[in-house]
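Encoded as structure tokens, the structure appears first; notes follow it.
Read-outs: derived from the displayed coordinates by stated rules, not from any lab. This one's a predicted model, so the numbers in the text were calculated from it and none came from an experiment. Heads up, the Cβs are rebuilt from the backbone with ideal geometry, glycines too, and the neighbour counts pull from every protein chain shown.
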Amino acid sequence: MDLSIEGGFSDLVLGAQSVFRATMEALARPGQPQGIGTDAAPPAPMTPELGAMALTLCDHDTPVWLDPNLRASAAVTSWLAFHCGAPLTDDIAEAAFVLLTDAALLPRLDTMAQGTDQYPDRSTTVVLAAGFAETAVVLKGPGIKGELRTILPLPNGDFLAQWADNRARFPRGVDLLLVRNGTVIGLPRTTRISEA
């Protein structure tokens, strides 16, 4: 079996539409998991959810930065080239999407493309295959009535301080998608995150 050819959506259009709808819903309702049932089967270490997001969001116009785990896998880079055609970049500031297998590999948010006041959509979207470490947080902002107390698989360290700086740059800034267990959780740059 050629891993670079196998493992895409069995129905490209329906698969991409379903994942795209779930992603838009996740960004409209920050912190609330949305199902992304997928039959994508990318080569390891890329997870099915991470692969589904790449199949849906990435194309020849969207430079992609891969974490070292993904970048080191010839099977993953070949799979992305065949199914998405997205150019890979070593310059994270040029990346439309950053794909990560581990929160510990998340670069600083301010090193990524921030967009401009005129074109805020020219920023980076981070897609993180979230692990099992979880943080109790309070979310506030657009798409959230009042506040949302939840537990999210967020990066450790100074991530919350970085996120506060990211939010302060609005309309510029980075958006974050957490994917795992057949779900996507959206954290757009407008969302305030604080420890519960």
Subset tally (residues that are over 16 Å from E195 (Cα atoms), crowded, with 20+ Cβ neighbours inside 10 Å and more than 12 Å from the chain's Cα centre (by Cα)) for the range 157-183: 2
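Here's the yes/no breakdown for (1) over 18 Å from F97 (Cα atoms); (2) in contact with a helix residue (DSSP H, G or I) (Cβ under 7 Å, 6 or more places away or on another chain):
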{"residue": "R122", "(1), (2)": "no, no"}
{"residue": "V126", "(1), (2)": "no, no"}
{"residue": "L139", "(1), (2)": "yes, no"}
{"residue": "P142", "(1), (2)": "yes, no"}
{"residue": "P155", "(1), (2)": "no, yes"}
{"residue": "F159", "(1), (2)": "yes, no"}
{"residue": "A164", "(1), (2)": "yes, no"}
Inside the range 1-23, the number of residues satisfying the requirement of being surrounded by 13 or more Cβ atoms within 10 Å (Cβ to Cβ), hydrophobic (A, V, I, L, M, F, W, C) and part of a helix (DSSP H, G or I) is 4
Consider G37 carefully, then state whether it is at positive phi, small (G, A, S) and either buried (at least 16 other Cβ atoms within 10 Å of the Cβ) or outside any helix (DSSP H, G or I) (or both). no
Which of the following residues is in a loop (DSSP other than H, G, I, E, B) and in contact with a helix residue (DSSP H, G or I) (Cβ under 9 Å, 6 or more places away or on another chain): G131, G146? G131
For helices (runs of 4 or more DSSP H) lying entirely in the range 45-103, having 2 or more residues that are touching a residue at least 40 places away in the same chain (Cβ under 8 Å), in contact with a His (Cβ under 8 Å, 6 or more places away or on another chain) and buried (at least 23 other Cβ atoms within 10 Å of the Cβ) picks out 48-57
